[in-house]
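Notes for the one structure printed next.
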Amino acid sequence: MSYIESPRNSRLSALRRLYKGKERRAAMHFVVEGVRECRRALQSGFIPVEAYICPDILPQSVEEDLRRQLPSDCPVTYVSARAYAAVAYRQKTEGVLLVLTKRNYCLEDLSVGERAWYVLLEKVEKPGNLGAVLRTADAAGVDGILIADEIVDVWHPNVVRASQGAVFSLPVVAESAEKLLQWIRNNRLALFAAALPAYRSLYEMDFSQPCVLAYGAEDRGLTEFWIRHADERFTIPMRGSVDSLNVSVSVAVSLYWGVWQRDYKTVVR
């Protein structure tokens, strides 16, 4: 084990570069902060390259538990509180960082069974929204996330944080719109688009069948490509003065309509 006292240490400078979009996208690795996130990454089989622990912040009992989950050959470095503050993306992340090897999925990795359903996001720009969608999709039992024309990197630290670690357990595939549509058609999945013009309500949709639910960017919605190719277009009823919902909220409302149809509809009295 080694110890880093200075915030200016060259190894910490290399870590900080992994937080930058261009460097992170080009690298094979990314950084995860926080006890919950680190545990979920390890439980999901992600391979740690390095671990950084600040003993002034992380309780010893938690440290011992985390170290039991690390591979025996994973280097562990202790850092001072000053050094940790200089390298952490967020100021309060419980005193532990892991450098992990990325896991990049492709369409061939996805399974399509009798109850398959996926969420498709087009050009979503805000990491917090993508993370929130991942968290809800995982809770609802969705099989994976399809990203058309990727803008936000799935390994962005705010995506990891907002997903509460769901990014580690849920496959995410980023591809061109054309390739995603071909995959959807080849696997005979119904394509539902949350988009205007639509003359049917969410609550008229049948999400119990194998399907993909598609949503657009926060400010523009879905492009004409997905609207034109959708099997059904739907809107979420709005009763107040606002005319739209945050994309992560729209996904949550829609998915739990699907959860009810798939798992509870037959038992409701």
Among the candidates 8, 39, 24, which residue alone is assigned by TED's automatic domain parsing to the domain that holds residue 89, over 20 Å from residue 127 (Cα atoms) and under 18 Å from the mean Cα position of the chain (by Cα)?
39
Note: among 146, 107, 121, 130, just one is within 16 Å of residue 175 (Cβ to Cβ), of a type in the set (A, V, I, L, M) and touching a His at 6+ places or on another chain (Cβ under 9 Å), namely 130
Touching a residue at least 40 places away in the same chain (Cβ under 8 Å), crowded, with 16+ Cβ neighbours inside 10 Å, out of contact with any Pro (no Cβ under 9 Å at 6 or more places or on another chain) and assigned to a loop (DSSP other than H, G, I, E, B): is that true of residue 234 in this structure?
no
Name every residue in region 1-17 that is in a helix (DSSP H, G or I), in contact (Cβ under 8 Å) with a residue 24 or more places away in the chain and more than 24 Å from residue 73 (Cβ to Cβ), in order of residue number.
16
What is the number of the single condition among (1) of a type in the set (D, E, K, R); (2) surrounded by fewer than 11 Cβ atoms within 10 Å (Cβ to Cβ); (3) at pLDDT 95 or above that residue 239 does not meet?
(3)
Name the pairs: first residue in region 109-133 and on the phi > 0 side of the Ramachandran plot, second residue not in a loop (DSSP other than H, G, I, E, B), Cβ to Cβ under 8 Å, at least 6 apart or on different chains?
123/148; 123/217
Is at least one residue of region 59-72 in contact with a Phe, Trp or Tyr (Cβ under 7 Å, 6 or more places away or on another chain), free of Cβ contacts under 8 Å to residues at least 60 places away in the same chain, within 17 Å of residue 32 (Cα to Cα) and in a loop (DSSP other than H, G, I, E, B)?
no
Among the residues of region 68-80, is any within 30 Å of residue 183 (Cβ to Cβ), of a type outside the set (Ser, Thr, Tyr) and surrounded by 15 or more Cβ atoms within 10 Å (Cβ to Cβ)?
no
Meets criteria (in contact with a strand residue (DSSP E or B) (Cβ under 9 Å, 6 or more places away or on another chain), crowded, with 17+ Cβ neighbours inside 10 Å and within 27 Å of residue 103 (Cα to Cα)) for residue 49:
no
Is there any pair with a first residue in region 163-186 that is at negative phi and a second that is hydroxyl-bearing (Ser, Thr, Tyr) whose Cβ atoms are under 7 Å apart and which are 6 or more apart or on different chains, and what are they?
168/44; 169/44; 171/105; 172/105; 173/105
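The values are calculated or read from the model by the stated rules, or taken from the named source; none is laboratory data. Everything numeric here is computed off the predicted structure, so don't read it as measured data. Every residue, glycine as well, gets a Cβ built from its backbone with ideal geometry; the counts of neighbours run over all protein chains shown.
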